[in-house]
Structures are given as C-alpha cells and as structure tokens.
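**Q** Next up is a structure, given as structure tokens.
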Amino acid sequence: MMMTRKYNLFTLATSLVFLCFSSCSRGTVPGRIDRLKAERDMAMSGGASAEGSRNKPVELGKKSKKSKSKSKHAKTARDKASSDRNTVAKLPQPVKADPYYVDTAFANQTYDKLSRDYADTIMAKPAQNIKDVNYTEAFVGTTNFNLRKPQYVIIHHTSQNSLKQTVRTFTMERTQVSAHYVISRDGKVQHMLNDYLRAWQAGKGKWNNIEDMNSCSIGIELDNNGIEPFTDKQIDALISVLQALKERFGIPQSNFIGHGDYAPVRKNDPNVHFPWAKLAARGFGYWYGDTTGVQVPKEFNEYLALRIIGYDVSDVSKAIIAFRRHFCGVESTAKVLSPEERKVLYKLYTKYL
Ligand SMILES: [Zn+2]
C-alpha cells in the first residue's frame, strides 16, 4: 500500500514537470507549424527540385522543341523512337506531386498543440463568472469525478477512393471535418482522435432530442466510394472496434446508428449495402427480426413510430427514406411505405418501447 502511494506521488510529480515543460515550450509550436506548412506546400507542389519553376506548373508529357527538331531528321521509325528515348533520358524528369500526400509531421504537431490547449481548459478551476450569481467565498473542488463518456457511435462511408485520401482530408484544416476512426477496405484501422475528444463528423441533424451529436458520439468512417458493398475484412474490423467501444464506454445497443439516420435531410451514409442485420446480431443497433404473420393494427401511426425509434420527423419523407435504407436495404425516394416496410417499422418500433 505504502509503495503504491509513493509510486503515485512520484508519477504525479513527473507529470507536473512534464505538463510545466510542455506548457512552457508551447510558444515555439506556431513557428514550427509554419515551417512544417512551408515544407508541406513544397512537397505538394512537386518537391525541392521544383525550386526554379515554383511559379510555373510542370506540364507532364509535353514534348520539347529539341526532340521535335531531331525527329524531323530521323530516317526510320526505329531511329525516331531511339532518338526520342535518348532525348527524354537527358531532360530533367518532372516530379509528380502525390495528390493524397499526408503531412504526418504537421498533423501530429497540430494535434499535440490542440490537445495541450484543451488540457488547460480541463485543468482550469471554474471561472465563477455567471452573471447575477452570488458565489461562496472560496472554490472547493469535489474529490469524486472522471471523464465523460461517449454514448453513441455514428457510422459513415467516406465517399472517397482510399484510406489515404480520407486521412489527407482529415489532416487539412480547411476541410473542417474529422472522425475518430477510419477503416480501410482491407480492414486496417486508422485511429485519428482520442475517444474522449470531439470529432467533427455528425454535423447538423437530430436523433431523439440530441442535436449536438458530435459532443456525445464516436465517429467511424468506412473507406467506400458511396455505392459499393463493404468488404468482409472491413466489417470484421469495425465489429472489433465497436465491441471495444461498447465495453469501454457502456454504449447501449440502440445507440449504434448511421449518419443518414441522424441527418436524413443531408446524408445517405452508410450506403444501402451496409450489413446492419449482422451488426445487430452482435449487439450493435436493433433489428426487427421476422415479420411472418405480423398484423399491423389499422391505427398504427408511422410518424409516431419513426419518432419513437429516434428519427427527426420534421421532414417525414426524408425520415422514411433513411429508415428504408437502414432497415429494408432499399434505396428509394418513395414517400410512402409499402405494406411489407410498414410491418418492419411496426415490429421494430415495439423494440424501442
Ligand atoms: Zn457521414
């Protein structure tokens, strides 16, 4: 017991030194970020060898005048090809900029700086500055608290062509979008943000009465072009991540939903191929089960049922489209549910009561 206490004191002291150090060194970070930005810009515009032609974009595949004039005097096609090859070999080769270049160093510097800023916010004592409130004399901190936990998981498809492209999107400040996890088609997981922090993934929408989903959810992006099926490896990796999140944060089964469920007016992800039934069988989201022999009461109100499940019904036709995509595996703009879809909705809503 004594040893543990000593160890804890030592750890605390080391942490304070570290915090002080990181806090003191913060002033130099913006300078480093500017330098890293400049390096990134150079890499994206074609590398250091483009020094002399920085304001002149490299034109790939353009023939030089020299090679043209030489080819005029070539007697045979073979001579011409050989001449062109030799000429091209002597010319400086343009450096092809990587369209999906990810500046990892710049991204991580920025991540570290922002994390330290938010750590300051967490460590600050309450400001006690609410207007017209009479505060007690001295601040007394409670001894009993911990971090808030995410209570929802929002699943997305990226509508992009590769994991790298999405990672690039999430490391460029101008895009203003992010997610906690990105999962590639071959099942690789890129974890991009501490689960306790707020990613910019769900945006404007409503589920139950939650309108700031970013504040209470984890966002998971699946690398997918928006219309294709998801790979088995990708879904297996997703299930592993969901299992860990569910156990770690105690996320209820009903709270694993799609971006299209939360924002039916703006979004349609994950697409209609997403295997929601498979996930529900593992405890992530609800499923309606078997509709054989189900008799839907005449007075059954679809509008209220969608609302009870969680959908925003202010534009009910959009809620119907999102429900159909998720639970019936059909992408359709039909504004009215078919009799079979009505059965699915009726069966499902009883699980949410
Ligand atoms: Zn999305």
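**Q** Of everything in the range 183-192, what is closer than 17 Å to residue 108 by Cα, over 9 Å from the mean Cα position of the chain (by Cα) and touching a residue at least 12 places away in the same chain (Cβ under 8 Å)? Give them in sequence order.
**A** Of everything in the range 183-192, just one residue is closer than 17 Å to residue 108 by Cα, over 9 Å from the mean Cα position of the chain (by Cα) and touching a residue at least 12 places away in the same chain (Cβ under 8 Å), namely 190.
**Q** So residue 116 clears everything in (1) closer than 30 Å to residue 260 by Cα; (2) more than 16 Å from the ligand (Cβ to nearest atom) except one condition, right? Which one?
**A** The one condition residue 116 does not meet is (1).
**Q** Let me ask something else about it. For the range 316-353, enumerate the residues that are outside any helix (DSSP H, G or I), without any contact (Cβ under 8 Å) to a residue 40 or more places away in the chain and of a type outside the set (A, V, I, L, M, F, W, C).
**A** Matches in the range 316-353: 332, 333, 335, 338.
**Q** Of all residues in the range 210-229, how many are more than 14 Å from the ligand (Cβ to nearest atom) and either farther than 14 Å from residue 152 by Cα or in contact with a His (Cβ under 6 Å, 6 or more places away or on another chain) (or both)?
**A** Residues meeting the conditions: 3.
**Q** In addition: What are the pairs with Cβ atoms under 6 angstrom where one residue, in the range 133-162, is over 16 Å from residue 269 (Cα atoms) and the other, located anywhere, is aromatic (Phe, Trp, Tyr) and away from the ligand (no atom under 16 Å from the Cβ)? Sequence gap at least six, or different chains.
**A** Matching pairs, first to second residue: 147/196; 149/249; 150/249.
**Q** I've got another one for you. Evaluate the range 293-311: report whether one residue or more is closer than 23 Å to residue 150 by Cα and assigned to a loop (DSSP other than H, G, I, E, B).
**A** Scanning the range 293-311, I find at least one residue that is closer than 23 Å to residue 150 by Cα and assigned to a loop (DSSP other than H, G, I, E, B), so the answer is yes.
**Q** If you don't mind, another one. Among the residues of the range 332-342, is any modelled with pLDDT of 95 or more, farther than 23 Å from residue 266 by Cβ and in contact with a Phe, Trp or Tyr (Cβ under 8 Å, 6 or more places away or on another chain)?
**A** Scanning the range 332-342 turns up at least one residue that is modelled with pLDDT of 95 or more, farther than 23 Å from residue 266 by Cβ and in contact with a Phe, Trp or Tyr (Cβ under 8 Å, 6 or more places away or on another chain).
**Q** Follow-up question, since we're still on this one. Which one is nearest to the ligand (Cβ to nearest atom) among residues in the range 262-289 that are under 18 Å from the mean Cα position of the chain (by Cα) and within 25 Å of residue 244 (Cβ to Cβ)?
**A** 269
**Q** Also, quick follow-up: Specify the residue that is farthest from the ligand (Cβ to nearest atom); the eligible residues are those in the range 160-209 that are exposed (fewer than 15 other Cβ atoms within 10 Å of the Cβ) and of a type in the set (Phe, Trp, Tyr).
**A** Within the range 160-209, the match that is farthest from the ligand (Cβ to nearest atom) is 196.
**Q** While we're looking at this one, here's another question. Identify all residues within the range 147-159 that are within 16 Å of the ligand (Cβ to nearest atom), in contact with a strand residue (DSSP E or B) (Cβ under 9 Å, 6 or more places away or on another chain) and of a type outside the set (A, V, I, L, M, F, W, C); write none if there are none.
**A** The answer is 152, 156, 157, 158.
The values are calculated or read from the model by the stated rules, or taken from the named source; none is laboratory data. Only a predicted model underlies this, so the values are computations on that prediction, with no experimental measurement involved. Cβ atoms come from the backbone with ideal geometry, glycine included; neighbour counts cover every protein chain shown.
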